[in-house]
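Below is one structure, written out as structure tokens; comments come after it.
The values are calculated or read from the model by the stated rules, or taken from the named source; none is laboratory data. Predicted model, so just to flag it, every value in this text is computed and none were measured. With ideal geometry, Cβ positions are generated from the backbone for all residues, glycine too; neighbour counts draw on all protein chains shown. Just so you know, the surface numbers come from the protein's heavy atoms only, side chains and all, with ligands and any DNA or RNA stripped out. Shrake-Rupley method; radii C 1.70, N 1.55, O 1.52, S 1.80 Å.
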Amino acid sequence: MAQTSLQKIFSGYLKSGKLFLSKDPLATSYDPVMITHRDKQMELVAAILAPCLRNEKPSNTFVYGKTGTGKTLCVKHVVGELTKTAAENSVQIKTIFINCKMKKIADTEYRVLAQLCKEFGYDVPATGLPTNRLYEIFYESLDAQKQNVLLVLDEIDALVSKVGDGILYNLTRVNQELVNAKLTLVGVTNDLSFSETLDPRVKSSLNEEEIVFPPYNALELRDILSERAKLTFVSGGVREGAVQKCAALAAQEHGDARRALDLLRVAGEIAERNGEQFLDESHVDRAQEKINVDRILETVRTQPRQSQAILWAIANNQNQNQTTGETYERYKGVCKKRGLDVLGPRRASDLISELGMLGILSVRTTSKGRHGRTKEISLLVSKQTLGNITEMLKEDFYFE
Ligand SMILES: Nc1ncnc2c1ncn2[C@@H]1O[C@H](COP(=O)(O)OP(=O)(O)OP(=O)(O)O)[C@@H](O)[C@H]1O
Ligand SMILES: [Mg+2]
């Protein structure tokens, strides 16, 4: 039985026309041939960094804008072009690019400095040296020759939230100690309030120049997608309306090109799985749904066990509107079955509020007359999503 149904899938797959030329152009790691609608921002970055080419020190620069607005792409591109021009003109430039979200590279001050030393060929031990010694090695290797060093710290907010801004203070001050070399920092972030959290001295030296990447609008996203779609799908494999819909949905969110590309990729995969000859708007609708569900599932998956126990208690209650008291009793039952410690009512109530903030529940405080106030809880996810959530909790975390 299973054999025939599997054979059906495979033979159907072989028979259906090919939809994708290649999926690579929709992958996040893909390096697009064309960067559209970012000339102004790239020219600004280029103009700020150009003094490198005359052995002068550029200003430290801070680049910010919401997620998926092309910051990483554009900064990498400009720095790449600058390095090429420098090489052609025999100007000594070294660029270092660090993604501060990367584990093992930027989660401690030690590791960042070790990475910086490594960039200059020093293999320092993974732990053990005093941080001051690492600073010394870094400064010495920087200053070993006359050169401009550009240090791009992408997702710089992640660095500061993990190790504080002391390291930025030190790095922005290093030029005072250097004789031959010059170090320029380029910080990139999608945390729009990031610079407000910095020590004012760090802020002013990091923000000598500031470049904002605005969200893309639907038309701009459509252009970005159309370029990629040409390389991704066979001729006639995608309807214009599908591309427009991806662009419109992503523009509504916050002008996120990554989101638009994801939508198109998932929509394509849905159409392909159904053996369709082309993808249209209906596939984009389904892709949007799938991405939303996946996002909720991921949120639930990464919640602490206690929050999952509370959600399980709520999900398995047929009542549409549940009170905190009722939920707490059910939650205690879940803990007993699962062998979990039972949290106090106040802490449990905090976790319920957190689930509310994640958009999974709606939590309303209501007055019960002389019985005081209570919270009324209802689920915000669709029945189907709820089914997916409970299935995941059952399978991955053994709730029953
Ligand atoms: N103007 C553009 N032309 C072509 N592709 C683009 C453009 N802008 C963004 N992209 C693509 O969109 C995706 C997101 O871009 P990028 O990673 O540069 O965003 P970001 O601003 O750095 O986002 P985050 O803040 O989340 O790091 C990448 O796959 C990138 O190739
Ligand atoms: Mg980025």
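Quote the charge dipole size of the stretch 294-364 about the Cα centre in Debye, to the nearest 20; the model charges only the Cβ of Lys and Arg (+1) and of Asp and Glu (-1).
On the way: 11 positive and 7 negative charges, 44 e Å.
Dipole magnitude for the stretch 294-364 comes out near 220 debye.
Projecting the Cα atoms of G369, M357, N388 onto the dipole axis of the stretch 303-397, where Lys and Arg carry +1 and Asp and Glu carry -1 at the beta carbon, places G369 farthest toward the positive end. In a fully extended conformation the segment linking K57 and Q252 would gain 66.2 nm over its present Cα-Cα distance, using 0.36 nm per residue. Were the residues from R364 through D396 laid out at 0.36 nm apart, the gain over their Cα-Cα distance would be 8.5 nm. Applying a threshold of 30 Å to the alpha-carbon distances of K18/K84; K8/K290; K71/K118; K40/K182; K23/K203 flags K18/K84; K23/K203 as lying beyond it.
When +1 charges are put on Lys and Arg Cβ atoms and -1 charges on Asp and Glu Cβ atoms, the dipole computed for the chain relative to its Cα centre reaches about 1300 debye.
For T95, the residues whose amide H sits under 5 Å from its own are L150, ignoring neighbours fewer than 5 places away on the same chain, with H placed 1.01 Å from N. How far is the Cα center of the stretch 138-206 from the Cα center of the stretch 22-92, in Å? One Cα centre to the other: 18 Å. Kirkwood radius and radius of gyration were both taken over the C-alpha atoms of the stretch 303-397, and their ratio Rg/Rh is 0.95. The residues of the chain have, on average, 53 Å² of accessible surface per residue, using a 1.4 Å probe with all protein chains present.
Here the gap between E376 and K230, fully extended at 0.36 nm per residue and compared with their Cα-Cα distance, gives a gain of 47.5 nm. In this label model, E43 and S29 are separated by 3.4 nm, measuring between points 7 Å along each Cα→Cβ vector. Sorting 23-31, 59-67 by average packing, meaning the other beta carbons within 10 Å per residue, from highest down gives 59-67, 23-31.
Take every DSSP beta bridge with both residues inside the chain and express the antiparallel ones as a percent of the total, to the nearest 5. Please list the in-between numbers first.
Numbers: 10 of 34 bridges.
The antiparallel fraction comes to roughly 30 percent.
Rounded to the nearest whole Hz, the Karplus-based 3J(HN,Hα) values (6.51 cos²θ - 1.76 cosθ + 1.60, θ = phi - 60°) of the stretch 93-110 follow the sequence 10, 10, 10, 10, 10, 10, 8, 6, 7, 5, 5, 6, 10, 10, 8, 9, 4, 4, with x at glycine and proline. Taking amide H as placed 1.01 Å from N in the peptide plane, F399 has its amide H under 5 Å from the amide H of K394, each at least 5 places away in sequence or on another chain. For the listed peptides 374-383, 108-117, a ranking on the average number of other beta carbons within 10 Å per residue, highest first, reads 108-117, 374-383. Per-residue ellipticity at 222 nm computed for the chain from its helices equals -16500 deg cm²/dmol, with DSSP H segments shorter than 4 residues left out and the rest contributing -39,500 (n - 2.57).
Working from label points 7 Å from Cα in the Cα-to-Cβ sense, the Q7 to S282 distance is 3.0 nm. Placing a label point 7 Å from the Cα of T127 along the Cα-to-Cβ direction, the residues of the stretch 98-113 with a backbone N closer than 19 Å are 103-113. Temperature 20 °C, viscosity 1.002 mPa s: under these conditions the Stokes-Einstein estimate for the chain, based on its Kirkwood radius over C-alpha pairs, is 85 µm² per second.
Shown here for the stretch 134-175: chymotrypsin sites (Phe, Trp or Tyr not before Pro) in loop regions (DSSP other than H, G, I, E, B) with at most 14 other Cβ atoms within 10 Å, of which there are none. Placing R0 at 22 angstrom, the Cβ-Cβ distance between R347 and E196 gives a FRET efficiency of 0.10 after rounding to 0.05.
Between N207 and L14, the distance separating the two model label sites (each 7 Å from Cα on the Cα→Cβ line) works out to 6.3 nm. Across the options L153, S205, I310, the greatest Cα extent toward the positive end of the charge dipole of the chain (unit charges at beta carbon of Lys, Arg, Asp, Glu) belongs to I310. In this structure, the amide hydrogen of Q147, modeled 1.01 Å from its nitrogen in the peptide plane, lies closer than 5 angstrom to those of A181, K182, counting only residues at least 5 positions away or on a different chain.
Can you tell me the relative contact order of the stretch 265-400? Whole percent, Cα pairs under 8 Å, sequence separation 6 or more. Mind showing how you got there, number by number?
On the way: 122 pairs, mean separation 31.8, N = 136.
Contact order relative to length: 23 percent.
For the peptides 315-324, 386-395, the ranking by mean Cβ contacts within 10 Å, running from highest to lowest, is 386-395, 315-324. About the centre of its Cα atoms, the stretch 39-213 shows a dipole size close to 260 debye [charges on the beta carbon of Lys, Arg (+1) and Asp, Glu (-1) only; nearest 20 debye]. When the chain is described by a simple charge dipole with +1 on each Lys and Arg Cβ and -1 on each Asp and Glu Cβ, the residue from N89, Y30, A46 located farthest towards its positive end is Y30. Each residue of the stretch 207-213 is assigned a 3J(HN,Hα), and the resulting list reads 8, 4, 10, 9, 10, 9, 9 Hz, derived from the Karplus form 6.51 cos²θ - 1.76 cosθ + 1.60 (θ = phi - 60°), x at Gly and Pro. 3J(HN,Hα) along the stretch 123-138: 8, 7, x, 5, 8, x, 7, x, 4, 4, 5, 5, 4, 4, 4, 4 Hz, from the Karplus curve 6.51 cos²θ - 1.76 cosθ + 1.60 with θ = phi - 60°, whole Hz, x for Gly and Pro.
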